[in-house]
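J.: Dropping a structure here in structure tokens format, bear with me for questions.
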Ligand code: B12
């Protein structure tokens, strides 16, 4: 699902199925499985924001309503704290009730296609359909979906779209209430008061990652000691054979599960044959020049980066890293692309680095700033580890900035542990770059 109420995709999926029973062969299985399995709407994360989070209840309702009008049969609704942490029981209940209210109180699901016949909706569906057909042609020209995924094409398209959208939000062209318009201010101001800001905070689910890890290790130990390890070895061998092109891989994996192979062992067996996929770490260049409508703000930051370079002999250098099992890389890519457009020299680390690996890369690249993008709640352990590794390796002056899904309650502790600045969901990239530059010059005295 997206944010635009009139362009939810379910309707389009049905249209494509209805009008194209002979859809291109590489996509045929997708259509057939959609027909069999029903259409499902999952929000793409562009809806809920961490600022003034109760607004997210309204956003999710409108999004869900649009999906139902669009003919979805299966629906996920986000919790109001989606951009803050894992949901609490309270927020999960509201998310579930949003669906129940639509289903049982409104009568809306009793009508098959309430938008059918509306000139605007039919025209929009036509337009979406022809754009979808263009994409399908592009995929087919690539040689099919698997090949295009392998070449990184869909990922690149998503990244380009995300970067452009972020620039539109940052410039205020796309309105997000509470983020770029009608904000809750820190102090009494033209919007709302500090008291309102405190009231708008929600209780957050805190997960103790250390104890989760040790519980998991214990479970793993007990599984490994209570199973038949000969059966495990032969099940893993069967996966290797199937992965090399012999048998049915899914069947081999189900069998491996039955004899209690772990997920890690199953995927490692496939990795033995296929190797490990490395996601591309390219940047989307030029977005903040092209899409950002407030050219003067961009020029101001570019001026600051130029003067930094004049004074120090090199551009401000940033390394963006992702730590541990956190595969959410859209924010990291947007920051890397945006800061690069704004005159920074940017490196991006590969996904799934350990704190020690990221620290080594930061020291070897001699960066001014390490930017950690954390969305999987491991910041309380991995970030201090990274900082102490860097300090131990001689990077005493390095600046650490952290972004992503980080609850406000953790800010004070992280700052004590050496994080200089924290930027949550909804961060304006141009403002963030300016703050980081000012911090380097005024606090760290890098270019004085
Ligand atoms: C999209 C998404 C996914 C996609 C990720 C696709 C991808 N390649 O990135 C998919 C579907 C794969 C996914 C999977 C999972 N997800 Co997810 N996901 C999201 C979602 C909805 C949006 C994230 C996003 O892309 N936002 C858009 C980007 C542009 O925003 P952003 O990253 O916040 O970046 C902005 C700022 O934060 C800041 N920023 C970010 N990084 C940095 C770095 C620096 C240096 C700076 C200055 C600024 C900065 O600037 C950016 C621009 O404003 C979030 C919820 C949310 N709304 O945040 C959950 C969320 C992050 N996911 C979550 C979970 C639990 C998972 C799974 C574990 C689910 C599961 N059980 O399988 C898996 C884990 C996969 C993995 N290996 O990591 C949880 C994490 C819980 C927590 N932190 O406590 C969240 C918060 C949802 C929730 N509330 O439960 N997810």
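J.: Sort 237-246, 105-114, 354-363, 126-135 by packing, meaning the average of other beta carbons within 10 Å per residue, with the highest value first.
T.: Values: 237-246: 15.7, 105-114: 10.8, 354-363: 19.4, 126-135: 13.0.
Taking the mean over residues of other Cβ atoms within 10 Å, the ranking is 354-363, 237-246, 126-135, 105-114.
J.: Pop the C-beta distance of residue 280 and residue 312 into the FRET formula with R0 = 25 Å and round what comes out to the nearest 0.05. Each step should come with its number before you reach the end.
T.: On the way: r = 31 Å, r/R0 = 1.23.
Plugging the Cβ-Cβ distance into 1/(1 + (r/R0)^6) gives 0.25.
J.: Please give the length that would be gained between residue 111 and residue 262 if that part of the chain were fully extended, namely 0.36 nm times their separation in residues minus their C-alpha to C-alpha distance (nm, one decimal). It would help to have the intermediate numbers written out before the result.
T.: Numbers: separation 151, 0.36 × 151 = 54.36 nm, distance 4.57 nm.
That works out to 49.8 nm of additional length.
J.: Just to be sure I understand: if I project the alpha-carbon convex hull of the range 321-387 onto a plane and average over all orientations, what area do I get in nm²? The partial results should precede the final answer.
T.: Values: hull surface 16.3 nm².
Result: a mean projected hull area of 4.1 nm².
J.: Where in the range 297-311 does the amide nitrogen come within less than 14 Å of the point 7 Å from the Cα of residue 397, taken along Cα to Cβ?
T.: In the range 297-311, the label zone of residue 397 (backbone N under 14 Å from the point 7 Å along Cα→Cβ) covers 309, 311.
J.: Another one. How far apart, in nanometres, would the label points at residue 156 and residue 65 be if each is projected 7 angstrom from Cα along the Cα-to-Cβ direction?
T.: Calculated label separation equals 4.0 nm.
J.: Please report, for the Cα atoms of the range 209-274, the Rg to one decimal and the Dmax as a whole number; what are they, in angstrom?
T.: Using the Cα atoms of the range 209-274, the pair Rg, Dmax is 13.0, 41 Å.
J.: When 427, 305, 310 are ordered from fewest to most other Cβ atoms inside 10 Å of their Cβ, what list results? Walk me through the numbers on the way to the answer.
T.: Values: 427 22, 305 19, 310 9.
Going from sparsest to densest Cβ surroundings: 310, 305, 427.
J.: Taking just the alpha carbons, could you work out the radius of gyration and Dmax for the range 287-443, both in angstroms?
T.: 14.7, 43
J.: Suppose a student asked you for the relative contact order of the range 209-274, using Cα pairs under 8 Å spaced at least 6 residues apart; what percent would you report?
T.: Working: 42 pairs, mean separation 23.4, N = 66.
After rounding, I find 35 percent.
J.: What Rg and what Dmax come out for the range 206-331 when only alpha-carbon atoms are used, in angstroms?
T.: When restricted to Cα atoms, the range 206-331 yields Rg and Dmax of 24.4, 68 Å.
Throughout, read-outs are computed from the coordinates displayed, never taken from laboratory work. Note that the structure is a prediction, hence the values are computed from the model and not measured. Don't worry about glycine lacking a Cβ; one is built from the backbone with ideal geometry, like all the others, and counts go over all protein chains shown.
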